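This report refers to the structure that appears directly beneath it.
The values are calculated or read from the model by the stated rules, or taken from the named source; none is laboratory data. Note that the structure is predicted; figures quoted are calculated from it, not measured. Please note: Cβ atoms are built from the backbone with ideal geometry, for glycine as well, and neighbour counts cover all protein chains shown.
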Amino acid sequence: MSALENPIDILLLGSGGREHALAVKLAASPHCGALYIAPGNGGTLAVGENVALDANDPVAVADFARETGCGLVVIGPEAPLVAGVADAVREAGIPCFGPGAEGAQMEGSKLFSKQLMDRAGIPTAAYGSFTDEVSALAYVREQGAPLVVKADGLAAGKGVIVATELEQAEEAVRECFDGAFGEAGNTVVIEEMLVGPECSLLAFTDGVTVRPMATSQDHKRALEGDKGPNTGGMGVYSPVPIVTDEEHAAMCAVMDQTVAQLRAEGIDYRGCLYGGFMLTANGPKVLEFNARFGDPETQVILPRLENDLVEVMLACAEQHLDEIELSWRDEWAVSVVLTSAGYPGSYEKGKVITGIEDAEAMENVTVYHAGTAMTDEGELVTAGGRVINVTALGETFEAARDLSYAACEEIQFEGKTLRHDIGLRALRGRAGWDA
Ligand code: AMP
Ligand code: GLY
């Protein structure tokens with residue numbers, strides 16, 4: 001591994017809890033020199049240097065990386081990927097962790113990923129796709145409820161409507177074509193509703209070799225009992241206890257098949273491919289792909305990863321991932337998200353946060369910042385909807401869960417809100433899934 005004789009400087013793009021977790025793991029590597037985070041948050045300040053840079057501007061990012069002599073650029077969120085930032089960085093001769101604009105279509109266009117799955121014979125929900133309201137509504141009436149209506153493009157996690165009634169599905173179609181999701185809704189994908197537990201499987205890939213990570217499961221709904229609006233994620237655990245060996249093997253095969261298909265179609269995908277699966281009675285089926293690490297999935301996956309993250313990411317970027325085997329800690333990980341009251345609707349910012357040191361003083365607890373900022377007076381305040389992720393490791397799922405909740409008690413800010421049932425359903429086991 002020639003590139004690793006000396007530490008390399010690294011530029012990481014993004015500002016969420018995912019990026020704090022990536023920053024902590026990158027900074028822990030002896031191969032990491034300077035670590036720049038653009039724009040970063042109140043937590044990334046402690047492990048690197050936050051820089052004001054438009055992460056979605058390919059030229060600005062490539063210029064910054066070149067001028068500072070970075071040896072690796074790591075892209076956290078989807079928007080820079082879809083904007084072609086990875087292409088610009090690679091054109092500048094700098095290794096980049098993250099697919100180019102073409103590969104990012106796996107997330108940037110639901111239709112692109114559905115069509116690719118069709119060509120590869122990958123199990124996914126049956127669907128139709130439409131560019132006009134009249135034919136979409138005709139299809140909805142022909143199929144009948146339940147149906148899932150999806151805006152094709154990036155819609156900040158809001159473009160998916162699971163409609164149990166026909167009227168809901170019709171309303172969702174009208175919303176998409178009325179511009180509720182901007183250009184993302186110009187094309188609408190309408191899917192069969194799948195049922196079962198969900199499970200995410202992320203994988204490192206260099207475009208040829210695929211190394212699956214540990215399984216994880218997010219909780220997207222805002223309220224306990226999986227009620228209320230969808231959010232960016234309220235809590236997560238890893239691994240997923242209810243997955244059978246057979247299902248795990250099937251999901252790994254899908255990740256392999258997907259990268260092979262991308263490659264066969266001339267797409268050199270280097271980075272993280274995120275597979276979101278529904279574990280149906282007929283085996284795992286793909287709900288979606290993301291072209292990046294999950295947030296908050298990263299906050300439970302990386303603390304369990306024993307490898308040096310700089311080595312793994314460089315191996316993806318420079319296409320020698322075949323030289324690396326991943327290894328995982330045996331402990332379970334649970335992460336609970338502390339949010340600002342009102343999220344995912346409107347919420348207040350600028351609330352002083354206390355108690356993080358007390359939480360972190362607890363053994364096996366790590367606090368990742370998401371929507372936090374440091375004021376000029378050096379006070380840590382809330383600056384977003386999802387504020388803090390409290391990750392705990394434990395010998396058992398239950399121990400990790402209890403520890404995470406105990407650590408959550410230590411952290412205070414006005415309007416602090418959390419779900420108290422993260423992981424509860426999985427703890428009851430597969431038999432009790434729908435109980
Ligand atoms: P997506 O962004 O495509 O993963 O969709 C967000 C969420 O919507 C998923 O995590 C599922 O809970 C749900 N969902 C998406 N597609 C389907 C489907 N075909 N059947 C049932 N639920 C779905
Ligand atoms: N937690 C879901 C996502 O990152 O897309």
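List pairs: first in the range 84-110 and closer than 17 Å to residue 290 by Cβ, second among the polar types (S, T, N, Q) and surrounded by 18 or more Cβ atoms within 10 Å (Cβ to Cβ), Cβ under 7 Å, 6+ apart or cross-chain?
Cβ pairs passing all conditions: 106/113; 107/290.
Can you name the strands (runs of 3 or more DSSP E) wholly within the range 331-435 that have at least 3 residues being modelled with pLDDT under 95?
The qualifying strands (runs of 3 or more DSSP E) are 372-374.
(1) within 16 Å of ligand 1 (Cβ to nearest atom); (2) in contact with a helix residue (DSSP H, G or I) (Cβ under 6 Å, 6 or more places away or on another chain): which one isn't true of residue 288, the others all being true?
(2)
Of the residues in the range 155-176, how many are aliphatic (A, V, I, L, M), out of contact with any strand residue (DSSP E or B) (no Cβ under 7 Å at 6 or more places or on another chain) and more than 10 Å from ligand 1 (Cβ to nearest atom)?
2
The rows are residues; the columns are (1) under 15 Å from the mean Cα position of the chain (by Cα); (2) away from ligand 1 (no atom under 16 Å from the Cβ); (3) part of a loop (DSSP other than H, G, I, E, B).
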{"site": "236", "(1), (2), (3)": "yes, no, no"}
{"site": "240", "(1), (2), (3)": "no, no, yes"}
{"site": "278", "(1), (2), (3)": "no, no, no"}
{"site": "293", "(1), (2), (3)": "yes, no, yes"}
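Could we say that residue 361 is small (Gly, Ala, Ser), at negative phi and without any contact (Cβ under 8 Å) to a residue 24 or more places away in the chain here?
Against the criterion (small (Gly, Ala, Ser), at negative phi and without any contact (Cβ under 8 Å) to a residue 24 or more places away in the chain), residue 361 qualifies.
From the list 162, 195, pick out the single residue that is within 16 Å of ligand 2 (Cβ to nearest atom) and either surrounded by fewer than 21 Cβ atoms within 10 Å (Cβ to Cβ) or over 22 Å from residue 107 (Cα atoms) (or both).
The unique qualifying residue is 162.
Within the range 73-80, is there a residue that is more than 27 Å from residue 372 (Cα to Cα), touching a residue at least 40 places away in the same chain (Cβ under 8 Å) and surrounded by fewer than 24 Cβ atoms within 10 Å (Cβ to Cβ)?
Looking through the range 73-80, none of the residues is more than 27 Å from residue 372 (Cα to Cα), touching a residue at least 40 places away in the same chain (Cβ under 8 Å) and surrounded by fewer than 24 Cβ atoms within 10 Å (Cβ to Cβ).
Which numbered condition in (1) buried (at least 21 other Cβ atoms within 10 Å of the Cβ); (2) part of a loop (DSSP other than H, G, I, E, B); (3) in contact (Cβ under 8 Å) with a residue 60 or more places away in the chain is the only one that residue 30 fails?
Every listed condition holds for residue 30 apart from (1).
Would you be able to tell me the number of residues in the range 93-126 that are of a type in the set (A, V, I, L, M, F, W, C), in contact with an Asp or Glu (Cβ under 8 Å, 6 or more places away or on another chain) and more than 16 Å from ligand 1 (Cβ to nearest atom)?
1
Quick check on the range 312-327. Is at least one of its residues within 16 Å of ligand 2 (Cβ to nearest atom) and either outside any helix (DSSP H, G or I) or under 23 Å from the mean Cα position of the chain (by Cα) (or both)?
Checking the range 312-327: not a single residue is within 16 Å of ligand 2 (Cβ to nearest atom) and either outside any helix (DSSP H, G or I) or under 23 Å from the mean Cα position of the chain (by Cα) (or both).
In the range 229-251, how many are surrounded by fewer than 17 Cβ atoms within 10 Å (Cβ to Cβ), over 13 Å from residue 197 (Cα atoms) and either more than 16 Å from ligand 2 (Cβ to nearest atom) or charged (D, E, K, R) (or both)?
The total comes to 3.
From 207, 179, which residue is more than 13 Å from ligand 1 (Cβ to nearest atom), outside any helix (DSSP H, G or I) and either at pLDDT 90 or above or within 22 Å of the chain's Cα centre (by Cα) (or both)?
207
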